[in-house]
Structures are given as structure tokens and as C-alpha cells.
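Data block below; observations after.
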Amino acid sequence: MNPIFLPPPPPFSFIPFPPPSPTAVPPPPLYCPPPPHFLPTISTGIHWNKPPPGFVKLNTDASYKYNCQRSSIAGVCRDEDGIWMFGFSSRVQSGSSFEAELVAVREALKLAWDKGLRRVILESDSESVVNRIRNQTIRQPKNQMEEIILECQGYGSRAWSCFIQHTRREGNFAADALTKKLASESFELHVWNHPPESLSLILLADMIGMDVPRHGALDKNQIGQLKVLKRELLARNLHWH
């Protein structure tokens, strides 16, 4: 596991306080992660990065279908050890992929706030969405997208340490996979208190810092390595999500 945590980028302009020092004592994890010496450290290329101590990381994504103006959104929340805290997924009506990505961010912020999380780093692989939320000044929204942007900014200005930043697709692999794992065709938000089994190898890859290829899928060699490691962890009754 990579022990070096990079601090989040500069926060919203309307949030004047940086994250607390990484030396602050974090709350106890919800689960017992495997010992650090047991999980191998992979390379330092493009992959999901754990949040600093005391923070959680929320990754969001959306999948837009042009032929029916329907999208699926999803988000994955993990703690500083890479342990699953919750996820969500839903069908939504949207006029564009940009709007769908915005809705995913809004739902993630709402869930995090409602669950009492107060040190949050949210990542989206839509750089345009991140830039609009962080930089656009809106007084009177003129359309639905501006209303959603204003909602996201409203959550960001609340009394918590909340940072929104861009990540590459390779660092957003778990959220991308969850957009394809809908509990039903319902437009109601489904909250995953435990991750679907189909995400187990992806979550393990993220925890050990395994690089994700540019095409957005693990190759056969990586899958083979992860399956071996998964069996070893289960044999020792160690859990990683």
C-alpha cells in the first residue's frame, strides 16, 4: 500500500479552510482492513488513490444513453483504508452526459451530508462538471443544469470540509462499474451498504494501488493476480471491503 497521501487540490473559493493535517487522529474504521504488510504495493501509475487520514473519498460517475435520454448514475464512498462505506446507483432522466454527471455529484453530496460525513473528497472523471461547480457564479439559475450546479455549490458551502476534484477514468473505475450494476430499472436511488460481489476485484485493485489500463478494464494477468490475492485474503479471514 502506498503510504504517501497527496493533499487535495485547492478547495472551493467559498471554503476558506484547508483540510486538517494528516497527523490528526482519524476515527476508527468501520471494518478491519488487512495488515499493510500483507497487501502488495503495485506501481505508481494511474490508479485510485486513498484519501488522507480522517477523510472519506466519494467517486461518482454516470452513463448516458443518447437514444432515450436516460442515464444511470452511481457513486462509491470509501475511507482512508480503501474500505467500502456505501455506494449508490439509480436511473435518471437527463438531456446530456454532462447533466447526468452533475446529478451524480449532487446525489453523492446529499448522501454524504445526510450520513453525517464531514470530511469528504469527491472525485468525478468529468473535468467540465468539476470546473463548472467550482468556478461558475450563478445568482438566478436559467435552466435545470444551473439549478443542479447551484445545489452542488450550496452543499459545498455548508459547515464541513468538502472538496471536489477531477480524476482520470482510471481512478474512477469502481464508480464506473457500479453504473452498470443497477438493482432495478427504478428511478429511485438505491443505496448499497455492502458492495456487489462483481466489484470485489476492482475494489481490491484500488486498495493495493493497481494501475488500470487506458481502455478502462483490467487485463487477464491483472485479474489472475487479483484472484490469487483474493483467495489468500479469504483463507486468512481478512476483508478488504
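The values are calculated or read from the model by the stated rules, or taken from the named source; none is laboratory data. Everything numeric in this text was worked out from a predicted model, so none of it was measured. Because the Cβ atoms are built from the backbone with ideal geometry, glycine has one as well, and the counts that use them run over all protein chains shown. With ligands, DNA and RNA removed, areas are computed over all heavy atoms of the protein, side chains included. Shrake-Rupley method; radii C 1.70, N 1.55, O 1.52, S 1.80 Å.
For the range 66-195, the normalised intensity computed at q = 0.10, 0.20 Å⁻¹ comes to -0.30, -1.28 (log10 of I(q)/I(0), Debye sum over alpha carbons, equal scatterers, no solvent). Taking a ≥ b ≥ c as the square roots of the Cα gyration tensor eigenvalues, the range 63-127 comes out prolate, since a/c reaches at least 1.5 and a/b is larger than b/c. With Cα atoms as the point set, the range 148-190 shows a radius of gyration and Dmax of 14.1, 35 Å.
In the calculated pair-distance distribution of the range 167-241, the portion above 18 angstrom amounts to 45 percent of the Cα-Cα pairs.
Ignoring ligands, DNA and RNA, what percent of the 1.4 Å accessible area of the range 109-159 is carbon and sulfur? Accessible surface attributable to carbon and sulfur in the range 109-159 totals 40 percent.
Site pair Ile223 and Ile138 shows an inter-label distance of 4.1 nm when each label is modelled 7 Å from Cα along Cα→Cβ. Straight-line reach from Lys180: taking Cα to Cα under 22 Å and skipping same-chain neighbours fewer than 8 places apart, the lysines in range are Lys57, Lys65, Lys110, Lys220, Lys227. Ordered from highest to lowest accessible area with the whole protein assembly present and a 1.4 Å probe, Lys230, Lys142 read as Lys142, Lys230.
The C-alpha atoms of the range 116-171 occupy a region whose extents along the principal axes are 33, 27, 16 Å, arranged from largest to smallest.
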